[in-house]
Amino acid sequence: MRPSRTVARAALTAALVLAAVPGFAGSREPSPARPIDAAQFDTVNLATSPEQQEHILLDDSGRSDGALDSADTFSEPGTEEIAAPGSRAQPSVAAAKSSWSWKDPRYTLTGIASFYDNGTTAMRDVPRGTTIMICGGGGCIETVVSDYGPSAAGGRLIDMYRPDFFEICGCGSWSGTTTVTVKVY
């Protein structure tokens, strides 16, 4: 008759435990204490007194930059003479154009913008991921198109996230639409 799998697993586990953990199979004695040879240690001379410091000769790389000799003198703060500053440098910077950091847009659209609370900027005929600049009566913002819409039947050019809409609108919170110029990059 063949033993069951449970009995075979238990026997295999017991054999592995006895082979892996020698403490269960038989204990060992601790190793005897051995004395440490004193010749293995080196003497360290700490130059703590002036007599001992004379015996240690440091080369230039071993000396500290802030080391003082007996001939060094101290100056009192506030007694040194301060030289008057010379003429101040007058740097000149070439005048930069107001649009120096922007590349030219691929095209510009003008139309009606509205807001909605979806957290995205939606614009039709522009693929998602396109960088656009939206300018209105209150200013301009740069954003990325993240949704497709609004429908062409609604007559709107772009649907904007509510905080962005009121940032560029320059109008009161009762407004629902505003005229914008969109530069597509």
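General observations
- The set of residues in region 136-154 being buried (at least 17 other Cβ atoms within 10 Å of the Cβ) and in contact (Cβ under 8 Å) with a residue 40 or more places away in the chain consists of 136 alone.
- Cross-chain or 6+ apart pairs with Cβ under 8 Å, region 16-38 first and assigned to a helix (DSSP H, G or I), then modelled with pLDDT of 80 or more: none
- Candidates are the residues of region 92-111 that are at pLDDT 90 or above and within 12 Å of residue 184 (Cα to Cα); the one that is surrounded by the most Cβ atoms within 10 Å (Cβ to Cβ) is 109.
- Residue 178 being within 20 Å of residue 103 (Cα to Cα) and outside any loop (DSSP other than H, G, I, E, B): no
- Within region 169-180, residues that are closer than 13 Å to residue 137 by Cα reach partners that are hydrophobic (A, V, I, L, M, F, W, C) and in a loop (DSSP other than H, G, I, E, B) with beta carbons closer than 9 Å, at six or more positions or on different chains, in the pairs 178/171; 180/157.
The values are calculated or read from the model by the stated rules, or taken from the named source; none is laboratory data. Since the structure is predicted, the reported quantities are computational estimates derived from the model, not experimental observations. Here the Cβ is made from the backbone with ideal geometry for all residues, glycine too, and neighbour counts use every protein chain on show.
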